[in-house]
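Read through the structure below, which is laid out as structure tokens, and then see the notes.
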Amino acid sequence: MTANGEYRVGIVGATGAVGSTLLEVLAERKFPAAEVRPLASARSAGSKVDFAGDQLEVQELTEDSIQGLDLILSSAGGKVSSEWAPKWIEAGAVVVDNTSYWRMHEDVPLVVAGVNDDAVADHNGLVANPNCTTMELMVALKPIVDAAGVERLIVSTYQSVSGTGREAIRELREQSEAVLKGKKVEAKVYPHQVAFNIVPQVENFKDGDDYTTEERKVMAETRKILDLSDDVGISATCVRVPVVTGHSESVNIQTGRELSPEECRQLLSQAPGLVVLDNPGDGIYPLPIAAAGRDEVLVGRIRRDPSHERCLNLWVVGDNLRKGAALNAVQVAELLHQRDLVRVPAGASLG
């Protein structure tokens, strides 16, 4: 930290979809940064990224380029994070990591700002950002779980291509153009054509597992963030849809005590980070196109499940690049700043 209380901040993966959004959100929220240092692979070194109207030169991620940083926000992928996070901490930086690698480590807090803020106090040099799908789900579920408990949760997701990255956005656009022009469609990023299609596979299937790695993340991360016992049943199905930005989720929650749709609606309308859009007769409900560019998570279609008196159905939508990734990372950085936790504990190391 500098003498005037500002931080030297590194953005790892600065040229990616999440990295560019991190820079945007840092500027919007006026995070106290004396320096913002964009870092990426050697291939991107020397290119420029925008920060608050200034063009910053991207530096190659090396042991020299990370020196002197107080805080690192990373979105460069699990392989980079697994190798470099210990080095960042050793160099004196606290890390907010947006990859999946560290999330389920016991000594790493997994934090959704506004849901489990106090967990940041337990950091050992690194705080993990949850999966984008899990993130918006937690914002919607937390008020319900606090008020009425949870016994069972079923979630089906409809995830935009920007969750995969810029190559996936490009592929959707190119495929859409090819279909409309009657040309041959090539699938490179996904196992099948995504334009004008729905692919019931997000990430990969491991040998012997009928659930994808994305579905396993949603189930495990939900349990960790909300501190749910093994008695709570959780099931997820994750689907890729031809939308550029905005993940949508159909959520069925069985509560511990009965919660009416009216009570649920009122509860969620008072919760931070949520906007209730729920007048379906007039066509008012959450849409990805409405969520894109917004910080809030949108929730609607709140209704009783007719098969069970303690089950509710919800429709949840959020911008996967903002609250689903960049915004939450910056909010976690703000929590660390507010609680004087932008410092690596003595003897810190990652297990």
Conditions first: (1) crowded, with 19+ Cβ neighbours inside 10 Å; (2) modelled with pLDDT of 95 or more; (3) touching a strand residue (DSSP E or B) at 6+ places or on another chain (Cβ under 8 Å). Asp305 passes all but one, so which condition is the exception? (1)
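Out of all the residues in region 131-156, which are of a type in the set (Val, Ile, Thr) and either open to solvent by 10 Å² or more (accessible area, probe 1.4 Å) or not in a strand (DSSP E or B) (or both)?
Applying the first criterion (of a type in the set (Val, Ile, Thr)) to region 131-156 yields 133-134, 139, 144-145, 150, 154-155.
Result: Thr133, Thr134, Val139, Ile144, Val145, Val150, Ile154.
Yes/no per residue for (1) under 17 Å from the mean Cα position of the chain (by Cα); (2) crowded, with 20+ Cβ neighbours inside 10 Å; (3) more than 30 Å from Val194 (Cβ to Cβ):
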{"site": "Ile253", "(1), (2), (3)": "no, yes, no"}
{"site": "Gln270", "(1), (2), (3)": "no, no, yes"}
{"site": "Leu298", "(1), (2), (3)": "yes, yes, no"}
{"site": "Leu312", "(1), (2), (3)": "no, yes, yes"}
{"site": "Val330", "(1), (2), (3)": "yes, yes, no"}
{"site": "Leu336", "(1), (2), (3)": "no, yes, yes"}
{"site": "Gly347", "(1), (2), (3)": "no, no, yes"}
Just to check your reading of the model, which residue among Asp227, Asp282 is over 17 Å from the mean Cα position of the chain (by Cα), within 28 Å of Val330 (Cα to Cα) and either buried (at least 19 other Cβ atoms within 10 Å of the Cβ) or among the charged types (D, E, K, R) (or both)? Asp227
Residues being of a type in the set (A, V, I, L, M) and open to solvent by 10 Å² or more (accessible area, probe 1.4 Å) - total across region 113-129: 4
Inside region 45-101, can you point out the residues that are open to solvent by 30 Å² or more (accessible area, probe 1.4 Å), charged (D, E, K, R), assigned to a loop (DSSP other than H, G, I, E, B) and touching a residue at least 12 places away in the same chain (Cβ under 8 Å)? Glu63
Single condition Val18 does not satisfy, out of (1) free of Cβ contacts under 8 Å to residues at least 60 places away in the same chain; (2) of a type outside the set (D, E, K, R); (3) surrounded by 14 or more Cβ atoms within 10 Å (Cβ to Cβ); (4) not in a strand (DSSP E or B): (1)
Which numbered condition Leu110 fails, given (1) surrounded by fewer than 16 Cβ atoms within 10 Å (Cβ to Cβ); (2) within 14 Å of the chain's Cα centre (by Cα): (1)
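Which is open to solvent by 30 Å² or more (accessible area, probe 1.4 Å), at pLDDT 95 or above, within 29 Å of Cys311 (Cβ to Cβ) and not hydroxyl-bearing (Ser, Thr, Tyr), of Gln201, Gln159, Gln193? Talk me through it step by step, then tell me what you get.
Working: Gln159 fails: open to solvent by 30 Å² or more (accessible area, probe 1.4 Å); Gln193 fails: within 29 Å of Cys311 (Cβ to Cβ).
Matching residue, one of Gln201, Gln159, Gln193: Gln201.
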Residues being part of a loop (DSSP other than H, G, I, E, B) and open to solvent by less than 10 Å² (accessible area, probe 1.4 Å): count how many of those fall in region 21-41. 0
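The values are calculated or read from the model by the stated rules, or taken from the named source; none is laboratory data. As the structure is a computational prediction, the values presented were derived from the model and not from experiment. No Cβ is skipped: glycine too gets one built from the backbone with ideal geometry, and neighbour counts run over all protein chains shown. Note: accessible area is taken over every heavy atom of the protein model, side chains too, but ligands, DNA and RNA are not part of it. Shrake-Rupley method; radii C 1.70, N 1.55, O 1.52, S 1.80 Å.
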